[in-house]
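See below for the structure under consideration.
We did not get these values from a lab; they are worked out from the coordinates using the rules stated. Quick caveat: nothing in here was measured; it's all calculated off a predicted structure. Here Cβ is always computed from backbone atoms with ideal geometry, including for glycine, and neighbour counts include all displayed protein chains.
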Amino acid sequence: MILVVNAGSSSIKFKLYKIENKTPVALVEGLAERIAVDGALTIKRGEDKYEYKDQYDNHLMAVNSILKHFKELEVIKNENDIKGIGFRVVHGGDKIVKTVELTEENKKAVEDNIKLAPLHNPGALTAINAFQKGLPNAKLVGCFDTSFHQTMPKKNYLYSVPLKWYENHKVRKYGFHGISFDYITHKSSEVLNKKLEDTNLIICHLGNGASMCCVKNGKSYDTTMGLTPLAGLMMGTRSGDIDSSILQYMAKELNLDIYELTDILNKQSGLLGISEISSDMRDVSNAALNDKNPKAISALELYTQRIAEYIIKFANHLEGKVDAIVFTAGIGENSIITRELVIDKIKILNIKLDSSLNEQNYEDYLEISSQNSDIKVYKIRTDEELMICKETINFI
Ligand code: AMP
């Protein structure tokens, strides 16, 4: 069995797979949360949901509680059933270019990158150490959101700031959502029946956080997020790209410091900032479509315009040889109006959606472009846990 873990500073999200004939089959998934507050654990098995209240003073207590309840539910017989644990880690910096075994040296790299991902890497590292104690015989594997983008050429990852910022302080574009982009790239090459190394894609990962990836010959060539996940597209609560002088200007206007202003760009901007309704696309699109709310309409316009502009930029990177544009994650997979508005805003390429296919229910993927479109468009459900599980199997 393989356990996939996505941990934060106070929570551990997990999914347990049994490997049958090299194929992962999900057994249970769940969430241990409120670590160091009190403690709550939910385990879902198919339609059944089990809820527990244990006290978690730290991540190790949560890990032990998860294992105890796995045994009670007879999901595992003992700890040795779990041969590998795949961790999602947000930032691997420029040292980690692929999935790695979490040796002491690679754990040190996660620690060194805390400076670059202060909100994400500490939780992952604490969880890695806790699972290492709780399951000492399992192989620990790290999958990094940044590593997929390490193939980007310098011209796409350097910022036009003093070069010393890059050389001495590691300021560069890293990009995120790499596990999802990796999964979608593999899935798309299967669906398109093309070799991975011949696959050219524009992937729009539109969730609460959102970014896009230009995949050239199966590898990341460019992406929209940057040093941090604040850059690029407009998101649920993040601004995406703005003129950086706005910070200085608004610091004076509002008498706020750089930390408070950056917090506003991360948490009170994007769909929430413009619509003044919600950060959730369902709320914003309902208000735009049903109530004709002007602020919600404006939020949708800004949101989809930015994506269309990046599609054009990335199509240029690919010299027009785009095998498919793929929409994925919560909004990309589900929001009919977002896909429609994005494609409608592309004026210099002949890309057409089939509106009934755009609206149609689907299992894991569906082609939604019309017969006369020059570029195929798909909606594909991403599965980051499955990607991490498969990567972990490779180390066992
Ligand atoms: P994620 O971060 O991938 O879970 O995506 C969260 C976003 O997906 C939120 O903005 C949700 O409003 C959006 N979302 C989920 N389901 C739908 C849906 N059926 N229609 C429109 N947006 C959706």
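Among rounded, prolate and oblate, which fits segment 216-340 when a ≥ b ≥ c are the square roots of the eigenvalues of its C-alpha gyration tensor, a/c under 1.5 means rounded, and a/b larger than b/c means prolate? It is oblate, given that a/c is not under 1.5 and a/b is not larger than b/c. Per residue of the chain, the DSSP helices (runs of n ≥ 4 H) give a summed -39500 (n - 2.57) that works out to -11500 deg cm²/dmol at 222 nm.
Each Lys or Arg adds one and each Asp or Glu subtracts one; over the other residues with Cβ under 11 Å from the Cβ of ILE35, this totals -3. Think of segment 218-338 as having a plus end and a minus end, set by charges on the Cβ of Lys, Arg, Asp and Glu; of LEU254, ILE325, LEU265, ILE325 sits farthest toward the positive end of this dipole. Within the straight-line cut-off of under 16 Å between alpha carbons, the aspartates and glutamates reachable from LYS49 are GLU29, GLU33, GLU72, GLU74, sequence neighbours fewer than 8 places apart in one chain being disregarded. With a threshold of 31 Å on the Cα-Cα distance, the over-threshold entries among LYS107/LYS195; LYS347/LYS390; LYS95/LYS390; LYS13/LYS292; LYS95/LYS139 are LYS107/LYS195; LYS347/LYS390; LYS13/LYS292.
Between segment 294-340 and segment 1-43, the C-alpha centres lie 32 angstrom from each other. Pick from ILE242, ILE311, ILE375: which is most flexible by mean-square fluctuation in a GNM of the chain where alpha carbon atoms under 10 Å apart are linked? Ranking ILE242, ILE311, ILE375 by mean-square fluctuation puts ILE242 first.
At a Förster distance of 25 Å, what's the computed FRET efficiency of ASN58 paired with LYS108, Cβ-Cβ distance as r, to 0.05? Approximately 0.75, to the nearest 0.05. In sequence order, segment 388-394 has phi-based couplings of 5, 4, 5, 4, 5, 4, 4 Hz under the Karplus curve 6.51 cos²θ - 1.76 cosθ + 1.60, θ = phi - 60°, and Gly or Pro positions carry x.
Gap in Å between the Cα centre of segment 103-158 and the Cα centre of segment 241-274? Between the Cα centres of segment 241-274 and segment 103-158 lies a distance of 29 Å. Bridge orientation summary for the chain: considering DSSP beta bridges with both residues in this region, about 70 percent are antiparallel. Only aspartates and glutamates eight or more places from LYS108 in sequence, or on another chain, were considered; those with a Cα closer than 14 Å are ASP94. You can think of it this way: the chain between SER244 and ASP291 has 13.5 nm of extra reach, that is 0.36 nm per residue less the Cα-Cα gap. Taking GluC sites (Glu not before Pro) across segment 298-379, the ones in a DSSP loop with at most 12 further Cβ atoms lying within 10 angstrom of their Cβ are GLU319, GLU363.
With the simple spin-label model, which puts each label point 7 Å out from Cα in the Cβ direction, the ILE396 to GLU309 separation comes to 4.6 nm.
In order along segment 368-373, the Karplus-derived 3J(HN,Hα) couplings, from 6.51 cos²θ - 1.76 cosθ + 1.60 at θ = phi - 60°, round to 10, 7, 8, 4, 8, 7 Hz, and Gly and Pro are given as x. Given contacts defined as C-alpha pairs under 8 Å and at least six residues apart, what's the relative contact order of the chain, whole-number percent? Computed value for the chain: 13 percent relative contact order. Straight-line reach from LYS376: which aspartates and glutamates have Cα under 17 Å away, leaving out those fewer than 8 places along the same chain? Candidates past the 8-residue exclusion: GLU190, ASP198, GLU319, ASP323, GLU333, GLU340, ASP344, ASP354, GLU359, ASP364, GLU367.
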